[in-house]
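Participant: Provided herewith is a single structure, encoded as structure tokens, for subsequent inquiry.
The values are calculated or read from the model by the stated rules, or taken from the named source; none is laboratory data. Quantities reported herein were computed from a predicted structural model and do not represent experimental measurements. Cβ atoms come from the backbone with ideal geometry, glycine included; neighbour counts cover every protein chain shown.
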């Protein structure tokens, strides 16, 4: 996990201090009137770093999780430490393409795993005996509001205790080749006859480092299939990284 500490000027903090919060903290509205472009960009940087995204129809910044605890820390210290844990919510169009490659089961008896489940963008479409794994405690709390079996832990430390899974759907973190590690570990969690589909970045499919080369050989051994996603598939989630889908059976 990568961290970065940002420092903000007093005038930015004063504007954020005066914000109005709605929908249990999930919409934050500036109450200072029109800002000039330079000042707006400074304020926006702070709000985006806490997970906010400007939404014109809402008239403010929309947050997936209530950021007011972070806001209080920022106002007290003037600094904000952000964690880059690779979370970019899976857009609906990408979820649909995942299901095109690995269709949902017709029966509710199938055992299904989603590692790095985020806020449930994939999971809310799944049915069956579902296990979700998420490392971030805030996101775990949000998942627990809607799903019964949520494990708050590092997926790479997970070993299934009650048998392995029939299906796995996943969008793992990409930084430092983590998607390779997560895909290989997920494959270990598949039952014989099981199948999985994962989002991955394009890097492992062209880089010449040892880890990428060995992954391509491993994928070929398992007769894995991959296809590139359309450009800007993740723009709505805040990144323009090139990605693809990988399908592997066991």
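Participant: Name the residues in region 198-213 that are assigned to a loop (DSSP other than H, G, I, E, B) and in contact with a strand residue (DSSP E or B) (Cβ under 7 Å, 6 or more places away or on another chain), would you?
Facilitator: Residue satisfying the conditions is 202 alone.
This table checks each residue for (1) free of Cβ contacts under 8 Å to residues at least 60 places away in the same chain; (2) closer than 18 Å to residue 175 by Cβ; (3) outside any loop (DSSP other than H, G, I, E, B); (4) touching a helix residue (DSSP H, G or I) at 6+ places or on another chain (Cβ under 9 Å).
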site: 196; (1), (2), (3), (4): no, no, yes, yes
site: 215; (1), (2), (3), (4): yes, yes, yes, yes
site: 232; (1), (2), (3), (4): yes, no, no, no
site: 244; (1), (2), (3), (4): yes, yes, yes, yes
site: 248; (1), (2), (3), (4): no, no, yes, yes
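Participant: Would you pick out the residues in region 60-79 that are more than 23 Å from residue 174 (Cβ to Cβ) and either modelled with pLDDT under 85 or in a helix (DSSP H, G or I) (or both)?
Facilitator: 68, 69, 70, 71, 72, 73, 74, 75, 76, 77
Participant: Here is a follow-up. Among the listed residues 43, 48, 12, which satisfies the condition of being over 30 Å from residue 168 (Cβ atoms), part of a helix (DSSP H, G or I) and within 16 Å of the chain's Cα centre (by Cα)?
Facilitator: Of 43, 48, 12, the one residue that is over 30 Å from residue 168 (Cβ atoms), part of a helix (DSSP H, G or I) and within 16 Å of the chain's Cα centre (by Cα) is 48.
Participant: Is there any pair with a first residue in region 21-39 that is outside the structural domain of residue 52 (by TED's automatic domain parsing) and a second that is surrounded by 10 or more Cβ atoms within 10 Å (Cβ to Cβ) and not in a strand (DSSP E or B) whose Cβ atoms are under 9 Å apart and which are 6 or more apart or on different chains, and what are they?
Facilitator: Listed by first residue and then by second, the contacts come to nothing, as the list is empty.
Participant: Select from region 174-189 the residues that are at pLDDT below 95 and not in a helix (DSSP H, G or I) and list them in ascending order.
Facilitator: 174
Participant: Is there a residue in region 28-38 that is at pLDDT below 90, under 30 Å from residue 117 (Cα atoms), within 23 Å of the chain's Cα centre (by Cα) and surrounded by 18 or more Cβ atoms within 10 Å (Cβ to Cβ)?
Facilitator: There is no residue in region 28-38 that is at pLDDT below 90, under 30 Å from residue 117 (Cα atoms), within 23 Å of the chain's Cα centre (by Cα) and surrounded by 18 or more Cβ atoms within 10 Å (Cβ to Cβ).
Participant: Please verify whether region 232-243 includes one or more residues that are touching a strand residue (DSSP E or B) at 6+ places or on another chain (Cβ under 6 Å), at pLDDT 95 or above and under 23 Å from residue 122 (Cα atoms).
Facilitator: Looking through region 232-243, none of the residues is touching a strand residue (DSSP E or B) at 6+ places or on another chain (Cβ under 6 Å), at pLDDT 95 or above and under 23 Å from residue 122 (Cα atoms).
Participant: Starting from region 89-113, keep only residues that are in the same structural domain as residue 143 (by TED's automatic domain parsing) and closer than 24 Å to residue 164 by Cβ, then list their pairs with residues that are at pLDDT below 90 and part of a loop (DSSP other than H, G, I, E, B) whose Cβ atoms are within a distance under 6 Å, requiring at least 6 positions of separation or different chains.
Facilitator: 105/128; 108/127; 108/128; 110/128; 112/128
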